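The values are calculated or read from the model by the stated rules, or taken from the named source; none is laboratory data. In this text, all values refer to a predicted model and were calculated from it rather than measured experimentally. Using ideal geometry, Cβ is built from the backbone for each residue, glycine included, and neighbour counts are taken over all protein chains shown. Areas reflect the complete protein model, heavy atoms only, side chains present, ligands, DNA and RNA absent. Shrake-Rupley method; radii C 1.70, N 1.55, O 1.52, S 1.80 Å.
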Amino acid sequence: MNKPKQNKLAALMLASSLMCGFNTFANAEESVRLDIATKAFEKQDKEKLAQLAYEYAFSIDEAYKYFYETVVKTGYPLNQFQNIRILADHTYTAHPTINNDTLHIMGWMDVAAEPVIISIPDHDDGRYWLFHTMNMQHFTDSAFGSPQRGTEGGMFMYALEGWEGEVPESVDEVIYVEHPLVKMMGRVMDIGGEDSKIAQKLQDQWNVRTLSEFLGQKGPEPKARQYPDPEKSNWVQRTNYVLSEGTMREHDQELLELFALLGLGQSNPDSYLSADKSMIEIGKERGLNRIHNSGFDDSRDVLGTRDEMIQVPSYQHAYGTFMGQWGLPAEHTMYSGDLVDSDGEPLDGSKYDYTVTFDAPPIEGEGFWSYTAYSGKTRLMEENSINRHSRGDRTLVPNEDGTYTIYMSSDTEGQEDNPNFLPIPDHSWYAILRMYAPSDELKNDQWQPTRFKKIAKK
């Protein structure tokens, strides 16, 4: 046994918060969001401060509501994996814009009482896999997999910032987190057919245990919580509840002090009672409008670690939560969104069909890429008669010159055997291009996606 180790996956995870102890927080005082809120505070612009407070709280509140719906209401246990053993399709509605490319290993860990150890098996050659965790503020805590480790799995211990204890010798890395509730997402590539059985067998070998379970010892009782019902609480109450645990409040203390008029971030859970209730509603109305109309189409702008996301306005980070909750940072997967066509008009499957011809995005190693279509109304995949929702390098047939062409329509008749056909909703829709294990060429914008061209419906 030894003392806690400093995280050696820094280059893999791009998250300095993983390497810090309780007293080495990111410099919130240098954040863009703090600068913006300070200016509004100096002007005593209460409505602007209320809006900024909601934009800050949005990702926390959405994480909590997702947690409540998928864990509290269903009674699903913490510190246990849930294996989704088929590729997600229109029947999966738990969160928006989920991929249609990999099997998923999901769950929530709780490190309030003690650390948790994740065991990941070795994988076969050429198989993409990734483990990703995010905190209750929608910041990435950790992300690593085959692009960094190849086939080699390992044992990874997650502990709350400030935890001090002995680390088992067999643990490869220790990751320190800001909040005890941590969203876990594993991804294992499945190309269908007989490969599905291999992918599922690997999926079943992923394991999550508390430190006591790992050591075969009797451990402390899990933390007991009284979760506020989203239907009987407001966003300030729910955000304060989340901030009452862990170290997020300490990270954001200077910013939260500027939002005191709403009772946000105060140690007293009932502090909101003395706040101006009209400001709570105004903040939500104005904040939601700003978030929903942001329109970012590059994941690098909206997803990432704490250090990355405090350098952008809160509404920008919130848009990433709104459009792609639990999405990966660009170091591991790059996302490009198509919401408009080559003429700048919103995509609409009731008015047009679409086509696009493009050079394949450059990826590395076991990486791959795909386009997935989603409903603009629900942000989910939509049912179609051939149960097809994505097309990519594993399913498309390239043109003679090596480029790829995709034809898109809401009319699926006669398209079952066309590998280059992608069904789309018969109304507003959008597409997400996912590029797993992106190359430096992608990260440096040397490759650009091609906009869809609308064509007359047949």
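Residues checked against (1) modelled with pLDDT of 95 or more; (2) touching a strand residue (DSSP E or B) at 6+ places or on another chain (Cβ under 7 Å):
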site: ASP297; (1), (2): no, yes
site: ASP301; (1), (2): no, no
site: PRO313; (1), (2): yes, no
site: PHE322; (1), (2): no, no
site: GLN325; (1), (2): no, no
site: PRO329; (1), (2): no, yes
site: SER336; (1), (2): no, yes
site: TYR354; (1), (2): yes, yes
site: ALA360; (1), (2): yes, yes
Fill in the blank from the handout: If we ask which residues in segment 141-161 are surrounded by fewer than 21 Cβ atoms within 10 Å (Cβ to Cβ), touching a Lys or Arg at 6+ places or on another chain (Cβ under 8 Å) and outside any loop (DSSP other than H, G, I, E, B), their number turns out to be 0
Exercise for the section: May I ask you to list pairs of residues, at least six apart or on different chains, whose Cβ atoms are under 9 Å apart, with the first in segment 400-424 being modelled with pLDDT under 95 and the second being open to solvent by 50 Å² or more (accessible area, probe 1.4 Å)? Expected result: none
Practice task
For ARG187, work out the one condition from (1) under 19 Å from the mean Cα position of the chain (by Cα); (2) closer than 30 Å to GLN253 by Cβ; (3) among the basic types (Lys, Arg) it doesn't fulfil.
Solution key: (2)
Exercise for the section: Quick one: THR372 ticks every box in (1) under 23 Å from ALA437 (Cβ atoms); (2) open to solvent by less than 10 Å² (accessible area, probe 1.4 Å); (3) over 21 Å from the mean Cα position of the chain (by Cα) except a single one, so which number is it? Expected result: (3)
Practice task
Would you confirm whether any residue within segment 55-72 is polar (S, T, N, Q), open to solvent by less than 20 Å² (accessible area, probe 1.4 Å), within 22 Å of GLY287 (Cα to Cα) and modelled with pLDDT of 95 or more?
Solution key: yes
Completion exercise
When restricted to SER278, SER294, the only residue small (Gly, Ala, Ser) and either within 24 Å of GLN80 (Cα to Cα) or part of a loop (DSSP other than H, G, I, E, B) (or both) is SER294
Completion exercise
Inside segment 143-192, the number of residues satisfying the requirement of being small (Gly, Ala, Ser) and closer than 29 Å to THR239 by Cα is 4
Problem - Any pair with Cβ under 6 angstrom, 6 or more apart, that starts in segment 373-397 at a residue that is more than 22 Å from LEU339 (Cα to Cα) and ends at one that is open to solvent by 30 Å² or more (accessible area, probe 1.4 Å) and among the charged types (D, E, K, R) - result: ILE386/GLU416
Handout entry: Residues satisfying the stated conditions in segment 295-340, i.e. touching a residue at least 60 places away in the same chain (Cβ under 8 Å), open to solvent by less than 30 Å² (accessible area, probe 1.4 Å) and among the aliphatic types (A, V, I, L, M)
Key = LEU303, MET309, ILE310, VAL312, ALA318, LEU328, ALA330, MET334
Fill in the blank from the handout: Of the listed residues (ILE105, ILE98), the one being at pLDDT 95 or above and either more than 19 Å from GLY153 (Cα to Cα) or surrounded by 20 or more Cβ atoms within 10 Å (Cβ to Cβ) (or both) is ILE105
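For segment 64-140, which fully contained strands (runs of 3 or more DSSP E) count at least 1 residues that are among the small types (Gly, Ala, Ser) and either touching a residue at least 12 places away in the same chain (Cβ under 8 Å) or under 21 Å from LYS201 (Cα atoms) (or both)?
102-110, 116-120
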Completion exercise
Exception for THR210 within (1) more than 24 Å from ASN83 (Cα to Cα); (2) surrounded by 16 or more Cβ atoms within 10 Å (Cβ to Cβ) falls at (1)
Exercise for the section: For segment 429-449, enumerate the residues that are among the hydroxyl-bearing types (Ser, Thr, Tyr) and either open to solvent by 50 Å² or more (accessible area, probe 1.4 Å) or over 24 Å from MET381 (Cα atoms) (or both). Expected result: SER439
Problem - Sole residue being among the acidic types (Asp, Glu), closer than 18 Å to TYR158 by Cβ and either at pLDDT 95 or above or surrounded by fewer than 22 Cβ atoms within 10 Å (Cβ to Cβ) (or both), chosen from GLU245, GLU231, GLU250, GLU221 - result: GLU245
Exercise for the section: Go over the candidates LYS377, LYS458, LYS454 one by one and state the one that is in a strand (DSSP E or B), basic (Lys, Arg) and over 30 Å from GLN148 (Cα atoms). Expected result: LYS454
Practice task
Could you tell me which residue of segment 162-189 is nearest to ALA113 (Cα to Cα), considering only residues that are outside any strand (DSSP E or B) and open to solvent by less than 10 Å² (accessible area, probe 1.4 Å)?
Solution key: PRO180
Problem - Within segment 20-54, tally of residues that are crowded, with 17+ Cβ neighbours inside 10 Å, assigned to a helix (DSSP H, G or I) and modelled with pLDDT under 85 - result: 1
Fill in the blank from the handout: Selection from segment 193-207 of residues farther than 27 Å from LEU160 by Cα, open to solvent by 30 Å² or more (accessible area, probe 1.4 Å) and touching a residue at least 12 places away in the same chain (Cβ under 8 Å) yields ILE198, GLN200
Handout entry: Test for ASP359: is it open to solvent by less than 10 Å² (accessible area, probe 1.4 Å) and either over 15 Å from TYR436 (Cβ atoms) or touching a His at 6+ places or on another chain (Cβ under 6 Å) (or both)
Key = no
